[in-house]
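Peer 1: Starting off with a structure, shown below.
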Amino acid sequence: MVTSSFRQTHAFPVWQPVAALRPAMSAAWWEWVASTDSLTARLQAAGAGQPFRVRLLRQGAGVPLHDEAQALGIELRRYAWLREVALCVGDNPWVVARSVAPLTQLKGQRLEQLGERSLGSWLFRQPDLVRGPLEATSGAPRFAFPQVAGVKSRWGRRSVFQHGGLSLLVQEYFLSTMADDLRLSSR
């Protein structure tokens, strides 16, 4: 298992209902940011046969950021399970993601055993899965992601998933490498 201490060093992004950012987004970006299906499946389809890989960056117990705790409805400074990954198509990271779940709700879920498997591939197989409203930001991720010269975040989105007593916040940031590879506009 990959573990690391999780630091809180960046300012909070401004999260808004996804529809509020629609006027600032091109139609192509809207299709990605506002989609409610499996991002893993969408990335694999868009990759047109290129290998898809989940790169585990960090995983372990840590204190969620203030806005993450609020989104999950948990007390501040309570430990949670944190997982950060890069979703790569070919050799390029297209998306970085951070998932947060209260430790008290992890009973029997075995999420720490996902390794370099996609969380989405597990989530979307759960028959009782409920996805909360999507929020979006144009802010940058507040966690480490693969440092590649010139790679920046274009858009971020998040929502809380509910499954069998588990609340799981999933935050996904779309990177400029994805925009370049798919020839998406800058906005």
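The values are calculated or read from the model by the stated rules, or taken from the named source; none is laboratory data. Just so it is clear, the structure is predicted and the values come from calculations on it, not from any experiment. Neighbour counts are summed over all protein chains in view; Cβ atoms, including those assigned to glycine, are modelled from backbone coordinates with ideal geometry. When the accessible area is computed, the model is the full protein with side chains, heavy atoms only, and any ligands, DNA or RNA have been set aside. Shrake-Rupley method; radii C 1.70, N 1.55, O 1.52, S 1.80 Å.
Peer 1: Charges on Cβ only, +1 for Lys and Arg, -1 for Asp and Glu, centred on the Cα centroid of the chain; of Cys88, Gly62, Leu114, which one is farthest towards the dipole's positive end?
Peer 2: Positive-most Cα among the choices belongs to Gly62.
Peer 1: Give me the accessible area per residue for the chain, probe 1.4 Å, as a whole number in Å². Don't skip to the answer; put the middle values down first.
Peer 2: Numbers: 9140 Å² over 187 residues.
I get 49 Å² per residue for this part.
Peer 1: Short version: ³J(HN,Hα) in whole Hz for each residue of the stretch 40-49, in order, from phi by Karplus 6.51 cos²θ - 1.76 cosθ + 1.60 (θ = phi - 60°), x for Gly and Pro, what are they?
Peer 2: The phi angles translate into 4, 5, 5, 5, 4, 5, 5, x, 6, x Hz.
Peer 1: Still on this structure, please answer the following. Of all accessible surface on the chain at a 1.4 Å probe, what whole percent is carbon and sulfur? Write out the running numbers ahead of the final one.
Peer 2: Numbers: 4620 of 9140 Å².
Taking all protein chains in place, the chain shows 51 percent carbon and sulfur surface.
Peer 1: Moving on. Given Cα positions, please report Rg to Rh for the chain, the hydrodynamic radius being the Kirkwood one. Don't jump to the answer; show the numbers that get you there.
Peer 2: Working: Rg = 15.5 Å, Rh = 16.7 Å.
Ratio of gyration radius to Kirkwood radius for the chain: 0.93.
Peer 1: Obtain the nm distance between the two label points defined at Glu116 and His66 by a simple spin-label model: each point lies 7 Å from its Cα along the Cα-to-C-beta direction.
Peer 2: So the two model labels end up 3.7 nm from each other.
Peer 1: Further question: Report the Cα centroid-to-centroid distance between the stretch 51-87 and the stretch 21-46 in angstrom, as an integer.
Peer 2: Taking the Cα centre of the stretch 21-46 as reference, the centre of the stretch 51-87 is 22 Å away.
Peer 1: Next question, about the same structure. What does the helix-only formula give at 222 nm for the chain: each DSSP H stretch with n ≥ 4 adding -39500 (n - 2.57), the total divided by the residues, and the result rounded to the nearest 500 deg cm²/dmol?
Peer 2: Working: 5 runs with 34 residues, N = 187.
Only helices count here, giving -4500 deg cm²/dmol.
Peer 1: From the phi angles alone, apply the Karplus equation (6.51, -1.76, 1.60; θ = phi - 60°) to the stretch 29-35 and give each ³J(HN,Hα) in whole Hz, x where the residue is Gly or Pro.
Peer 2: Computed from phi, the couplings for the stretch 29-35 are 5, 4, 4, 7, 6, 8, 5 Hz.
Peer 1: Taking 2.2 N^0.38 Å as the expected size of a compact globular protein, what ratio does the Cα radius of gyration of the stretch 42-148 give against it, to two decimals?
Peer 2: Relative to the 2.2 N^0.38 Å estimate, the stretch 42-148 comes out at 1.13.
Peer 1: Now, a different point. Listed highest first by mean packing, meaning other Cβ atoms within 10 Å per residue, what order do 160-169, 72-81 come in? Don't skip to the end; give the middle numbers.
Peer 2: Working: 160-169: 17.8, 72-81: 14.9.
Ranked from most to least packed, the peptides come out as 160-169, 72-81.
Peer 1: Loop only by DSSP, 16 or fewer other Cβ within 10 Å of the Cβ. Give me the GluC sites (Glu not before Pro) in the stretch 92-174 that pass, ordered by residue number. Don't skip to the answer; put the middle values down first.
Peer 2: Working: sites: Glu112, Glu116, Glu135, Glu172; in loops: Glu116.
In loop regions of the stretch 92-174 (DSSP not H, G, I, E or B), the sparsely surrounded GluC sites (Glu not before Pro) are Glu116.
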